[in-house]
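Reviewing the structure listed below.
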Amino acid sequence: MTEKFLPVQDYLPDSGTYELLPFKFEPVGADEVILTNLTGEFLYLKREKLDSLVSHRLAPSDADYRALRARHFIRQPNDRATLDLLALKTRTRLSRLANFTNLHLFVVTLRCDHACHYCQVSRQSEDRQSFDMSEETADRALDLVFRSPNPAIKIEFQGGEPLLNFPLVRYVVEKAEQRNRVERRDLQFVVATTLSMVTDEILEFCRVHGIHISTSLDGPEDLHNRNRPRPGRDSHRKFTDGLKKARDVLGYDAVSAVMTTSPASLPRAREIVDEYIEHGFDSIFLRPLSPYGFAIKTKSYQAYDAGSWLEFYRAGMDYIIDLNKRGVRFVEHYSSVILKKMLTNDDPMFVDLMSPCGAGISAVVFNYDGDVYASDESRMLNEMGDATFKLGNVHSDSYRDIFASDALLSVLEDSFASSAPMCSDCAFEPWCGADPVFHHATQGDILGRKPESEFCKRMMGMIRYLLDVMRADPQAKSIFMTWVNS
Amino acid sequence: MMKKIKMIRLELDRSIYSDEAVQKAAYRFIDRFAAIVSRADNSIVVEITFGTESSNQREHVVADFKKELLDQNLRLRIKTETEAVRNLILAYAFSKSGLQE
Ligand code: SF4
């Protein structure tokens, strides 16, 4: 853990009496515990030291005493400055909830040329009328986008395959840019596409308007094609061709990739990482399957539990750390999000989709039919007939109706993991999240029964892995430091 | 062959263990056994019902549960001592962000 600076009172003579500051602990191994405070700072202690600490028997001369004081686990009586500092850091953490998301997803069509087993929403249909977003719906959605108080606005086009309704993508981009001449926000666009249908014309439009591409790569050719069936069984080849074209026109950094972990991916973590490297990517997001929509319907979610996913994650991470040690800079994003909370003061300022341990209020989603959701997962849940997290519709509801709706406010309130049973006394809570949509979907309860929750098992497994690695391997820790500081 | 359902009964001294600590510990174990917590005179009684675990596994789980009971007791001591200061920190944090109004 980086010690940013020591407060002035740390240099004052010590009276030998101290007060405990709020902290939580979890056992690690047989005779040690890890302590975390409100702001996610942490420290290891021997069991017997924990008992002395809580019984106020720890002497100022004790080596742990100074560390406990420096990292805000104890304070001198009446030392107000430490409280101010903790309040300030806590405030920074809370501000990401107050600072409303800047990510706006436009589902411009549900139509798709792929038929992926785990896809929740796509339709193999020619019926444009029924599954494409109209200009009128897009206009209404844009009205809401520019009501957002956030100075940064990111619009991401999703599907289905958004390139199947590219005229609407053009329309939204041009309209948003037009408005932005007055609004002057930091405006960004992303298209999430498999690249199978990309053309020179589309890429040229993306270049002129600075649009980034987020594409999908699941691993080596056989795995990718198995995960992503399409007529011709050539998804991987289309991806490779599309990637080259896109990079040629847009530049290397304008194209990123995400992967989905299917049951067939589980034994192949290293190969998947190698495939990313071969295609010139310098990062990966080892993303577990979400429990929504078809993933539940086709039982592919149940096909693996948190334990099997964690094995995959650890194998991937061991390999990634090894690569970094050999001089190949390569980042794993899921770990990075958690490490940022562990190793720095600043939480990622907005919780976007790269942050699955976020509160579930990760984005505002405008569906093709004008329905508005608080996250992509909520939209998928609605596709299964569960409208719990639907906030409203752009045609019938006002900004206030949508963003002050009970659906949103109750989720926001319930997403304070610090008040959930088990999370409230879990030392990993400052680094964890809530994911109310996940728990609603899997357990029928927004807070979730954490001891039985796959989400909780996954988070605990990842956090313990990262802690163990940092402790045992200083070189790996330095590598992590470069990830979180970039 | 069906394994027999196994029950274990723990009697805990109420001068040492609080109701809250026992309940929190039992909650953390709901994925491993079913527990009923009740009071009898000066003790808190925990009746644990296992599923199909072997006796070895059961012993392990009960040993872990006993450690958890002690940890929850300690957590409660920390919480009681730090609650006021925690509220103060949160009040500062919220007031500065204007969230309190
Ligand atoms: S979900 Fe699990 S790991 Fe996360 S804070 Fe809650 S109890 Fe801890």
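The values are calculated or read from the model by the stated rules, or taken from the named source; none is laboratory data. Just so you know, these numbers come straight off a predicted model, no measurement behind them. Glycine gets a Cβ as well: all are built from the backbone with ideal geometry, and neighbour counts include every protein chain shown. Ligands, DNA and RNA are excluded from the accessible area calculation, which covers all protein heavy atoms including side chains. Shrake-Rupley method; radii C 1.70, N 1.55, O 1.52, S 1.80 Å.
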In terms of modelled amide H atoms, which long-range or inter-chain residues lie less than 5 Å from the amide H of A:THR261? A:ARG287, A:LEU289
Please work out the average accessible area per residue across region B:8-95, using the 1.4 Å probe convention, and give it in Å². 53
HN-Hα couplings for region A:450-461 via Karplus (6.51, -1.76, 1.60; θ = phi - 60°), in whole Hz with x for Gly/Pro, come out as 4, x, 9, 8, 5, 4, 4, 4, 5, 4, 4, x
Inter-chain Cβ neighbour average for residues A:422-428, partner chain, 10 Å: 3
Can you sort B:GLU11, A:GLU41, B:GLU20 by 1.4 Å-probe accessible area, starting with the largest? B:GLU11, B:GLU20, A:GLU41
Just tell me which aspartates and glutamates come within less than 13 Å, Cα to Cα, of B:LYS79; anything on the same chain fewer than 8 places away is out. A:GLU19, A:ASP425, B:GLU20, B:ASP71
Out of residues 5 or more away from A:HIS209 or on other chains, whose amide H comes under 5 Å of its own, with H placed 1.01 Å from N in the peptide plane? none
Please report the buried accessible area for the interface of B with A, total over both chains, probe 1.4 Å, in Å² to the nearest 100. 2700
Report, in listed order, any pair from A:LYS477/B:LYS66; A:LYS340/B:LYS66; B:LYS6/B:LYS67 with a Cα-Cα distance greater than 32 Å. A:LYS477/B:LYS66; A:LYS340/B:LYS66
Partner shielding of A:53-63, as the mean number of partner chain Cβ atoms within 10 Å, equals 1
